[in-house]
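To start, the structure under review is shown below, and the notes come after it.
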Amino acid sequence: MSKADLSKQPAQVSAMFDDVSTHYDRTNNVLSVGNALLWRVATTKAVAPKRGERILDLAAGTGTSSASLAAGGAQVVAADFSPGMIEVGKKQQVGNRNVEFVVADGMDLPFADDEFDAVTISFGLRNIVEPRTALAELYRVTKPGGRIVICEFSTPPVGVVKFGYSTYLQRFMPAIAKLASSNPDAYTYLADSIEAWPNQKTLAGWMSAAGFTEVGYRNLTFGIVALHRGTKPRTPAGAAAPTDAAPSVGLTS
(Lines give C-alpha, C1' and ligand atoms only; values in the text may rest on other atoms or scores of the structure.)
Protein backbone atom coordinates (compact mmCIF):
# COMPACT_ATOMS: atom_id res chain seq x y z
CA MET A 1 0.00 0.00 0.00
CA SER A 2 1.16 3.53 -0.78
CA LYS A 3 1.07 6.49 1.60
CA ALA A 4 2.21 9.98 0.68
CA ASP A 5 3.69 12.52 3.09
CA LEU A 6 3.50 16.29 3.27
CA SER A 7 6.28 16.70 0.70
CA LYS A 8 3.47 15.73 -1.70
CA GLN A 9 5.73 14.16 -4.30
CA PRO A 10 3.47 13.66 -7.34
CA ALA A 11 4.38 10.00 -7.87
CA GLN A 12 3.63 9.17 -4.23
CA VAL A 13 0.33 11.02 -4.18
CA SER A 14 -0.76 9.50 -7.48
CA ALA A 15 0.09 5.98 -6.30
CA MET A 16 -1.73 6.56 -3.03
CA PHE A 17 -4.91 7.57 -4.83
CA ASP A 18 -4.54 4.60 -7.17
CA ASP A 19 -4.62 2.40 -4.05
CA VAL A 20 -7.82 3.93 -2.66
CA SER A 21 -9.65 4.36 -5.97
CA THR A 22 -11.90 1.29 -5.79
CA HIS A 23 -13.53 2.29 -2.46
CA TYR A 24 -12.91 6.03 -2.69
CA ASP A 25 -16.49 7.28 -2.93
CA ARG A 26 -17.78 4.94 -0.23
CA THR A 27 -14.99 5.94 2.15
CA ASN A 28 -15.60 9.64 1.53
CA ASN A 29 -19.28 9.27 2.37
CA VAL A 30 -18.48 7.42 5.59
CA LEU A 31 -15.69 9.74 6.78
CA SER A 32 -17.65 12.89 5.97
CA VAL A 33 -20.72 11.54 7.81
CA GLY A 34 -22.76 12.10 4.66
CA ASN A 35 -21.62 15.70 4.14
CA ALA A 36 -19.74 14.85 0.92
CA LEU A 37 -23.02 14.96 -0.99
CA LEU A 38 -23.97 18.33 0.50
CA TRP A 39 -20.56 19.79 -0.40
CA ARG A 40 -20.87 18.47 -3.95
CA VAL A 41 -24.32 20.04 -4.33
CA ALA A 42 -23.03 23.38 -3.03
CA THR A 43 -20.06 23.26 -5.40
CA THR A 44 -22.23 22.46 -8.42
CA LYS A 45 -24.59 25.28 -7.52
CA ALA A 46 -21.64 27.71 -7.18
CA VAL A 47 -20.21 26.70 -10.57
CA ALA A 48 -23.70 27.16 -12.07
CA PRO A 49 -22.98 25.04 -15.18
CA LYS A 50 -24.98 25.86 -18.30
CA ARG A 51 -25.84 23.68 -21.27
CA GLY A 52 -23.11 23.82 -23.88
CA GLU A 53 -20.44 25.22 -21.57
CA ARG A 54 -17.05 23.54 -21.38
CA ILE A 55 -15.98 22.98 -17.77
CA LEU A 56 -12.76 21.61 -16.27
CA ASP A 57 -13.15 19.52 -13.13
CA LEU A 58 -9.59 19.14 -11.85
CA ALA A 59 -8.75 16.43 -9.31
CA ALA A 60 -12.04 14.88 -10.36
CA GLY A 61 -11.21 11.46 -8.95
CA THR A 62 -13.86 8.98 -10.03
CA GLY A 63 -15.92 11.70 -11.70
CA THR A 64 -18.77 11.91 -9.21
CA SER A 65 -18.42 15.70 -9.13
CA SER A 66 -18.07 15.81 -12.91
CA ALA A 67 -21.33 13.93 -13.42
CA SER A 68 -23.09 16.44 -11.17
CA LEU A 69 -21.68 19.34 -13.20
CA ALA A 70 -22.67 17.67 -16.49
CA ALA A 71 -26.22 16.80 -15.48
CA GLY A 72 -27.64 19.95 -17.06
CA GLY A 73 -25.88 19.54 -20.39
CA ALA A 74 -22.44 21.07 -19.82
CA GLN A 75 -19.44 19.31 -21.35
CA VAL A 76 -17.11 18.41 -18.48
CA VAL A 77 -13.48 17.35 -18.64
CA ALA A 78 -12.75 15.21 -15.58
CA ALA A 79 -8.99 15.52 -15.04
CA ASP A 80 -6.93 13.72 -12.41
CA PHE A 81 -3.30 12.66 -12.09
CA SER A 82 -4.21 9.25 -10.69
CA PRO A 83 -4.69 6.74 -13.54
CA GLY A 84 -6.43 4.42 -11.09
CA MET A 85 -9.05 7.03 -10.28
CA ILE A 86 -9.56 7.76 -13.96
CA GLU A 87 -10.11 4.08 -14.76
CA VAL A 88 -12.70 3.69 -12.00
CA GLY A 89 -14.38 6.89 -13.18
CA LYS A 90 -14.61 5.69 -16.76
CA LYS A 91 -16.38 2.53 -15.59
CA GLN A 92 -18.77 4.42 -13.35
CA GLN A 93 -19.64 7.02 -15.98
CA VAL A 94 -19.71 4.72 -18.99
CA GLY A 95 -22.30 6.02 -21.43
CA ASN A 96 -22.20 9.56 -20.06
CA ARG A 97 -21.33 11.52 -23.20
CA ASN A 98 -21.02 14.79 -21.30
CA VAL A 99 -18.02 13.65 -19.25
CA GLU A 100 -14.54 13.11 -20.72
CA PHE A 101 -11.77 11.64 -18.55
CA VAL A 102 -8.16 12.83 -18.88
CA VAL A 103 -5.03 12.00 -16.88
CA ALA A 104 -3.48 15.40 -16.15
CA ASP A 105 -0.95 17.12 -13.91
CA GLY A 106 -2.49 20.14 -12.18
CA MET A 107 0.79 22.05 -12.44
CA ASP A 108 1.07 21.51 -16.20
CA LEU A 109 -2.40 21.19 -17.67
CA PRO A 110 -2.62 19.73 -21.20
CA PHE A 111 -5.16 22.31 -22.34
CA ALA A 112 -5.07 25.46 -24.42
CA ASP A 113 -5.20 28.99 -23.07
CA ASP A 114 -8.71 30.37 -22.50
CA GLU A 115 -10.35 26.98 -23.14
CA PHE A 116 -12.93 26.62 -20.35
CA ASP A 117 -15.99 28.60 -19.36
CA ALA A 118 -15.46 27.48 -15.76
CA VAL A 119 -12.85 25.54 -13.80
CA THR A 120 -13.28 23.84 -10.47
CA ILE A 121 -11.32 21.66 -8.06
CA SER A 122 -12.72 19.91 -5.00
CA PHE A 123 -10.51 18.58 -2.22
CA GLY A 124 -7.53 18.35 -4.56
CA LEU A 125 -5.64 21.63 -4.43
CA ARG A 126 -3.95 20.80 -1.12
CA ASN A 127 -2.62 17.54 -2.64
CA ILE A 128 -0.63 19.43 -5.29
CA VAL A 129 2.97 20.11 -4.33
CA GLU A 130 2.82 23.69 -5.66
CA PRO A 131 -0.80 24.84 -5.32
CA ARG A 132 -0.04 28.37 -6.51
CA THR A 133 1.37 26.94 -9.73
CA ALA A 134 -1.88 25.00 -10.15
CA LEU A 135 -3.88 28.19 -9.61
CA ALA A 136 -1.83 29.91 -12.31
CA GLU A 137 -2.58 27.02 -14.66
CA LEU A 138 -6.28 27.16 -13.84
CA TYR A 139 -6.23 30.88 -14.58
CA ARG A 140 -4.46 30.24 -17.90
CA VAL A 141 -7.04 27.75 -19.19
CA THR A 142 -10.07 29.80 -18.07
CA LYS A 143 -11.74 32.04 -20.64
CA PRO A 144 -11.81 35.78 -19.91
CA GLY A 145 -14.98 36.33 -17.93
CA GLY A 146 -14.94 32.69 -16.84
CA ARG A 147 -15.20 31.52 -13.27
CA ILE A 148 -13.35 29.38 -10.76
CA VAL A 149 -14.80 27.47 -7.80
CA ILE A 150 -12.62 25.73 -5.22
CA CYS A 151 -14.08 23.47 -2.55
CA GLU A 152 -11.47 22.52 0.03
CA PHE A 153 -11.05 21.56 3.66
CA SER A 154 -10.33 24.65 5.70
CA THR A 155 -9.99 26.16 9.17
CA PRO A 156 -13.08 26.33 11.41
CA PRO A 157 -13.21 29.87 12.80
CA VAL A 158 -14.72 28.82 16.14
CA GLY A 159 -12.19 27.39 18.58
CA VAL A 160 -14.34 24.62 19.99
CA VAL A 161 -15.23 23.40 16.48
CA LYS A 162 -11.57 23.56 15.43
CA PHE A 163 -10.53 21.51 18.48
CA GLY A 164 -13.26 18.95 17.97
CA TYR A 165 -12.46 18.58 14.29
CA SER A 166 -8.74 18.17 14.97
CA THR A 167 -9.55 15.47 17.51
CA TYR A 168 -11.74 13.69 14.96
CA LEU A 169 -8.99 13.85 12.30
CA GLN A 170 -6.24 12.50 14.50
CA ARG A 171 -8.08 9.97 16.67
CA PHE A 172 -11.33 8.81 15.13
CA MET A 173 -10.87 9.09 11.36
CA PRO A 174 -7.92 6.63 11.19
CA ALA A 175 -9.99 4.03 13.04
CA ILE A 176 -12.97 4.50 10.73
CA ALA A 177 -10.69 4.39 7.67
CA LYS A 178 -9.43 0.96 8.71
CA LEU A 179 -12.96 -0.34 8.32
CA ALA A 180 -13.97 1.56 5.17
CA SER A 181 -10.85 2.03 3.03
CA SER A 182 -8.69 -0.27 0.93
CA ASN A 183 -5.65 1.78 2.10
CA PRO A 184 -6.30 3.14 5.61
CA ASP A 185 -2.75 4.51 5.95
CA ALA A 186 -3.57 7.01 3.21
CA TYR A 187 -6.03 8.70 5.55
CA THR A 188 -3.25 9.53 7.99
CA TYR A 189 -1.85 11.67 5.19
CA LEU A 190 -5.33 13.10 4.64
CA ALA A 191 -5.55 14.27 8.26
CA ASP A 192 -2.04 15.72 8.20
CA SER A 193 -2.64 17.55 4.91
CA ILE A 194 -5.87 19.10 6.19
CA GLU A 195 -4.26 20.41 9.36
CA ALA A 196 -1.29 21.80 7.42
CA TRP A 197 -3.46 23.56 4.83
CA PRO A 198 -3.71 27.38 5.10
CA ASN A 199 -6.85 29.16 6.16
CA GLN A 200 -9.58 30.69 4.04
CA LYS A 201 -8.07 34.18 3.72
CA THR A 202 -4.71 32.78 2.64
CA LEU A 203 -6.24 30.74 -0.17
CA ALA A 204 -8.31 33.75 -1.24
CA GLY A 205 -5.09 35.76 -1.40
CA TRP A 206 -3.46 33.10 -3.57
CA MET A 207 -6.38 33.25 -5.98
CA SER A 208 -6.12 37.02 -6.24
CA ALA A 209 -2.37 36.78 -6.79
CA ALA A 210 -3.01 34.32 -9.65
CA GLY A 211 -5.09 37.02 -11.35
CA PHE A 212 -8.65 36.13 -10.37
CA THR A 213 -10.91 39.00 -9.35
CA GLU A 214 -14.17 39.16 -7.38
CA VAL A 215 -12.63 36.57 -5.07
CA GLY A 216 -14.73 35.52 -2.12
CA TYR A 217 -15.49 32.53 0.05
CA ARG A 218 -18.09 31.13 2.37
CA ASN A 219 -17.80 28.43 4.99
CA LEU A 220 -19.63 25.13 4.83
CA THR A 221 -20.21 22.85 7.84
CA PHE A 222 -18.90 25.37 10.38
CA GLY A 223 -15.78 26.10 8.35
CA ILE A 224 -14.58 22.51 8.09
CA VAL A 225 -14.88 23.16 4.35
CA ALA A 226 -14.78 26.47 2.50
CA LEU A 227 -16.12 27.29 -0.94
CA HIS A 228 -13.98 29.86 -2.78
CA ARG A 229 -15.01 31.63 -5.97
CA GLY A 230 -13.45 34.07 -8.40
CA THR A 231 -13.59 35.40 -11.96
CA LYS A 232 -10.98 35.77 -14.68
CA PRO A 233 -11.22 39.41 -15.76
CA ARG A 234 -12.20 40.25 -19.31
CA THR A 235 -9.58 43.01 -19.40
CA PRO A 236 -5.85 42.31 -19.85
CA ALA A 237 -3.94 41.31 -16.74
CA GLY A 238 -2.26 44.70 -16.51
CA ALA A 239 -5.63 46.37 -16.20
CA ALA A 240 -6.99 43.94 -13.61
CA ALA A 241 -7.89 44.93 -10.08
CA PRO A 242 -5.02 44.95 -7.55
CA THR A 243 -4.20 41.43 -6.35
CA ASP A 244 -3.83 42.50 -2.74
CA ALA A 245 -7.46 43.56 -2.46
CA ALA A 246 -9.17 42.04 0.55
CA PRO A 247 -11.34 39.05 -0.38
CA SER A 248 -15.05 39.20 0.29
CA VAL A 249 -16.73 36.70 2.58
CA GLY A 250 -20.19 35.38 3.18
CA LEU A 251 -21.10 34.83 -0.46
CA THR A 252 -24.38 33.12 -1.09
CA SER A 253 -24.51 30.12 -3.36
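THR62 is checked against (1) outside any helix (DSSP H, G or I); (2) of a type in the set (S, T, N, Q); (3) open to solvent by 10 Å² or more (accessible area, probe 1.4 Å) and fails just one. What number does that condition carry?
Of everything listed in (1) outside any helix (DSSP H, G or I); (2) of a type in the set (S, T, N, Q); (3) open to solvent by 10 Å² or more (accessible area, probe 1.4 Å), THR62 misses just condition (3).
Filter segment 126-138 down to the residues that are open to solvent by less than 40 Å² (accessible area, probe 1.4 Å) and either assigned to a strand (DSSP E or B) or within 24 Å of ASN219 (Cα to Cα) (or both) and list them by number.
ARG126, ASN127, ILE128, PRO131, ALA134, LEU135, LEU138
Just one of VAL160, VAL141 is open to solvent by less than 50 Å² (accessible area, probe 1.4 Å), out of contact with any helix residue (DSSP H, G or I) (no Cβ under 7 Å at 6 or more places or on another chain) and of a type in the set (A, V, I, L, M, F, W, C); which is it? Walk me through it before giving the result.
Values: VAL160 fails: open to solvent by less than 50 Å² (accessible area, probe 1.4 Å).
From the options VAL160, VAL141, the qualifying one is VAL141.
Is there any pair with a first residue in segment 68-88 that is aromatic (Phe, Trp, Tyr) and a second that is assigned to a helix (DSSP H, G or I) whose Cβ atoms are under 7 Å apart and which are 6 or more apart or on different chains, and what are they?
What qualifies is PHE81/PRO10; PHE81/SER14.
Any residue at all in segment 65-78 that is part of a helix (DSSP H, G or I), open to solvent by less than 30 Å² (accessible area, probe 1.4 Å) and closer than 20 Å to THR221 by Cα?
Pass one, segment 65-78, residues part of a helix (DSSP H, G or I): 65-70.
Retained after the next criterion (residues that are open to solvent by less than 30 Å² (accessible area, probe 1.4 Å)): 65-67, 69-70.
Okay, now just the ones that are also closer than 20 Å to THR221 by Cα, so 65.
Yes: one or more hits.
I'm trying to understand the selection: among the residues of segment 81-125, which are acidic (Asp, Glu), under 29 Å from ALA191 (Cβ atoms) and either in contact with a Lys or Arg (Cβ under 7 Å, 6 or more places away or on another chain) or in a strand (DSSP E or B) (or both)?
Quick first cut of segment 81-125, residues acidic (Asp, Glu) only: 87, 100, 105, 108, 113-115, 117.
Add one more test, that the residue is under 29 Å from ALA191 (Cβ atoms), and what stays is 87, 105, 108.
Those that are acidic (Asp, Glu), under 29 Å from ALA191 (Cβ atoms) and either in contact with a Lys or Arg (Cβ under 7 Å, 6 or more places away or on another chain) or in a strand (DSSP E or B) (or both): ASP105, ASP108.
What are the residues in segment 139-161 that are over 30 Å from ASP108 (Cα atoms), part of a helix (DSSP H, G or I) and in contact with a Phe, Trp or Tyr (Cβ under 9 Å, 6 or more places away or on another chain), if any? Steps first, please.
First, the residues of segment 139-161 that are over 30 Å from ASP108 (Cα atoms): 156-161.
Okay, now just the ones that are also part of a helix (DSSP H, G or I), so 159-161.
VAL161 - this is the single residue of segment 139-161 that is over 30 Å from ASP108 (Cα atoms), part of a helix (DSSP H, G or I) and in contact with a Phe, Trp or Tyr (Cβ under 9 Å, 6 or more places away or on another chain).
The values are calculated or read from the model by the stated rules, or taken from the named source; none is laboratory data. Source: prediction; values computed, not measured. As a convention, Cβ positions derive from the backbone with ideal geometry for all residues, glycine included, and neighbour counts pool all protein chains shown. For the accessible areas, the whole protein counts, side chains as well, though only heavy atoms, and no ligand, DNA or RNA atoms are used. Shrake-Rupley method; radii C 1.70, N 1.55, O 1.52, S 1.80 Å.
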